[in-house]
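Chemist: Take a look at the following structure, please.
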Amino acid sequence: MAPPSKYSPEFREEAVQIALRSSKAISDTARELELNPESLRGWVKKYQKQHEPAADAELTLSERARLKELERRIREVEMENALLKKCAAYFAKDPR
């Protein structure tokens, strides 16, 4: 049987929230909180597993709108990328 944790549930929850909000790696966040990185990583995985949406859940209206906007932006960026590739090929030609 595992010994009781020396960290309270409130501390764990706060550490997980800090790790999720931070743009830093979990190991860096753990170091700042003076935790073992694997402990924090385990807490984050457990939190994400408990709070992930159901696989068959419907998208909300705002999620659908965001998805549509992102898909439109992807198409736009792909067209820009194709144009830049053509321009690069044109200017890379040897003028001789």
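The values are calculated or read from the model by the stated rules, or taken from the named source; none is laboratory data. These numbers were taken from a predicted model, which means no experiment stands behind them. Neighbour counts run over all protein chains shown; Cβ positions are idealised from the backbone, glycine included. Please note that ligands, DNA and RNA were not included when accessible areas were found on the heavy atoms of the full protein model with its side chains. Shrake-Rupley method; radii C 1.70, N 1.55, O 1.52, S 1.80 Å.
Chemist: Select from the range 10-96 those GluC sites (Glu not before Pro) which occupy a DSSP coil region and have at most 15 other Cβ atoms within 10 Å, ordered by residue number.
Modeler: Glu34, Glu58
Chemist: Where the convex hull is taken over the Cα atoms of the range 1-53, what is its projected area averaged over directions, in nm²?
Modeler: Reported value for the Cα convex hull: 4.2 nm².
Chemist: (1) 39; (2) 27; (3) 62: which one is percent of Cα pairs over 21 Å apart as calculated from this entry?
Modeler: (3)
Chemist: If you don't mind, there's one more thing I want to ask. Taking the chain as a Gaussian network, Cα atoms linked when under 10 Å apart, which of Lys68, Lys24, Lys86 shows the biggest mean-square fluctuation?
Modeler: Greatest mean-square fluctuation among the candidates belongs to Lys86.
Chemist: In a shell of Cβ-Cβ distance under 12 Å around Pro37, excluding Pro37 itself, what net charge do Lys and Arg (+1) and Asp and Glu (-1) give?
Modeler: -1
Chemist: Let me ask another. Angle check, please: helix 61-92 long axis (alpha carbons) against the longest principal axis of the chain (alpha carbons), in degrees 0 to 90, nearest 10.
Modeler: Tilt relative to the chain: about 50 degrees.
Chemist: So how tilted is helix 9-21 from the main axis of the chain? Cα-based, degrees 0 to 90, rounded to 10.
Modeler: Compared with the principal axis, the helix lies near 10 degrees.
Chemist: Hey, in the GNM for the chain with a 10 angstrom Cα cutoff, which one of Leu59, Leu84, Leu35 fluctuates hardest?
Modeler: Highest fluctuation of the listed residues: Leu84.
Chemist: Show which lysines lie in cross-link reach of Lys93 when reach means a straight Cα distance below 29 angstrom and same-chain residues fewer than eight apart are skipped.
Modeler: The reachable lysines, counting only those whose Cα sits under 29 Å from Lys93, are Lys85.
Chemist: Over 26 Å between Cα atoms: which of Lys24/Lys46; Lys6/Lys49; Lys46/Lys68; Lys24/Lys49; Lys24/Lys68 fall into that group?
Modeler: The answer is Lys46/Lys68; Lys24/Lys68.
Chemist: Go through Asp28, Asp94 and list them by solvent-accessible area, largest first, probe radius 1.4 Å.
Modeler: Heavy-atom accessible area, descending, gives Asp94, Asp28.
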